[in-house]
1. Just name the residue that is surrounded by the most Cβ atoms within 10 Å (Cβ to Cβ) out of those in segment 194-224 that are polar (S, T, N, Q) and more than 28 Å from Glu368 (Cβ to Cβ).
2. Got at least one residue in segment 350-369 being out of contact with any Pro (no Cβ under 9 Å at 6 or more places or on another chain), farther than 27 Å from Tyr200 by Cα and of a type outside the set (D, E, K, R)?
3. Kindly evaluate Arg275 against the criterion of being assigned to a helix (DSSP H, G or I) and either aliphatic (A, V, I, L, M) or modelled with pLDDT of 95 or more (or both).
4. Looking at segment 311-325, can you tell me whether even one residue there is of a type in the set (S, T, N, Q) and touching a residue at least 24 places away in the same chain (Cβ under 8 Å)?
5. Looking at segment 37-46, is at least one residue within 27 Å of Thr248 (Cα to Cα) and out of contact with any Cys (no Cβ under 8 Å at 6 or more places or on another chain)?
6. Residues in segment 203-221: is at least one among the hydroxyl-bearing types (Ser, Thr, Tyr) and within 26 Å of Leu16 (Cβ to Cβ)?
7. If we only count strands (runs of 3 or more DSSP E) wholly inside segment 291-397, which ones have 2 or more residues that are at pLDDT 95 or above and closer than 30 Å to Ala130 by Cα?
Amino acid sequence: MTSPADPATLAVRAALESDSQHGAVVPPLHLSSNYTFERFGVKRRYDYSRSGNPTRDSLADALSALEGGAGAVVTASGMASLTLLTHLLQPGDLLVAPHDCYGGTYRLFEHLAAKGHFEVCFIDQTDPAALDVAFARDPALILVETPSNPLLRIVDIAALSRLAKKHGTLLAVDNTFLSPVLQQPIGLGADIVLHSTTKYLNGHSDVVGGAVIAASNELAETLAWWANCLGLTGAPFDSYLTLRGIRTLHVRMRQHEESANRIAQVLHQHASVSRVYYPGLADHPGHEIAKIQQRGFGGMVSFDIKGGEAAVRAFVEALRHFSLAESLGGVESLVCHPPSMTHAPVSRKALAEAGIGESLIRLSVGLEDTDDLLNDILLALDAASHAVTLRSVSGSC
């Protein structure tokens, strides 16, 4: 009996040798928007690309296999995947979301709830008391980010799954920060997994896309129906590039994590840094849970720099190997100031409640040489410290 293939093998071999016409090793790209009917009243498997496309289906099958799901829907963006998720809800249903989630997620849920599509409450999902209060209201759906964006808080997926099942609540997990290489939420009890495929899955910052993977056939069919109805499905060429991206996912994630871990350790000891948010650090509040449910700690590192906005500005402007930009998970290293960038749609009050301060910096650690990245960060921290000192001297005159 043949043993199941390792996920790394599944990622590389996905859809290879599926071309029955010419025997191409790499699957062809199907750009056609429509397909002929076999004859009057009899359609083939595909009729219109919004409803189904061979290239997009190849990616969906690969992602479903990697996440251990029953089926997947590839969407036009990560936000499209979240929009699709909300169509599992009815008016009056309660959605429980993380209070420190991605700013675009917060904005979408807040405004759809204001229009009466559903009710939403944002809570600290690492707080048992807050979870008890939320589940007392019998929510229909709970969305988890673990690690969260941008504070990398860790939620115990298996424990939350048991609580959700007790209340008949669907559990959805955004797995964008880790990818199926480092975490498989369905195996821990999640009903749905979401991705912004823009990030690590594609990995080259040249595609915008998303995906929703369901644990059951019934959920997969419902999600596919709504995706077609709403027109949220992804484009064939974007799917082709993302399928190509996941072939190198495992080797990329290893390097992302190796460099991120070294950077986190250095930041943790630096005098100009007040706090580091990285689950791989032994003093991270979610470290022990992360060791159990993850196969690694990922390539994202956040930290609070001493000196406020002056230090943040000096730090990001001194970097040479990190680009100041939103997004994450590409081969290139990025630096982001969440309060003014990714989380700008969130009110100052909500940011404060989530613990996202003005001194927070988020790094997406890329595939450049680790020593080059470390040296760059150390020089930028020196520049930030110098800027704060000059400001202090100037202010005292």
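1. The selected residue is Thr222.
2. Within segment 350-369, one or more residues are out of contact with any Pro (no Cβ under 9 Å at 6 or more places or on another chain), farther than 27 Å from Tyr200 by Cα and of a type outside the set (D, E, K, R).
3. no
4. no
5. As a first pass, look at segment 37-46 and keep what is within 27 Å of Thr248 (Cα to Cα): none.
So far as segment 37-46 goes, no, none of its residues is within 27 Å of Thr248 (Cα to Cα) and out of contact with any Cys (no Cβ under 8 Å at 6 or more places or on another chain).
6. Yes - at least one qualifying residue is present in segment 203-221.
7. The qualifying strands (runs of 3 or more DSSP E) are 300-305, 360-364.
Per-residue answers, yes or no, for (1) among the hydrophobic types (A, V, I, L, M, F, W, C); (2) farther than 24 Å from Val301 by Cβ:
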position: Leu151; (1), (2): yes, no
position: Gln184; (1), (2): no, no
position: Ala190; (1), (2): yes, yes
position: Val193; (1), (2): yes, no
position: Ala215; (1), (2): yes, yes
position: Trp225; (1), (2): yes, yes
position: Ala235; (1), (2): yes, yes
position: Arg247; (1), (2): no, yes
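The values are calculated or read from the model by the stated rules, or taken from the named source; none is laboratory data. Since this is a predicted model, take the numbers as computed values, not measurements. Reconstructed Cβ throughout: ideal geometry from the backbone, glycine too, with neighbour counts over all protein chains shown.
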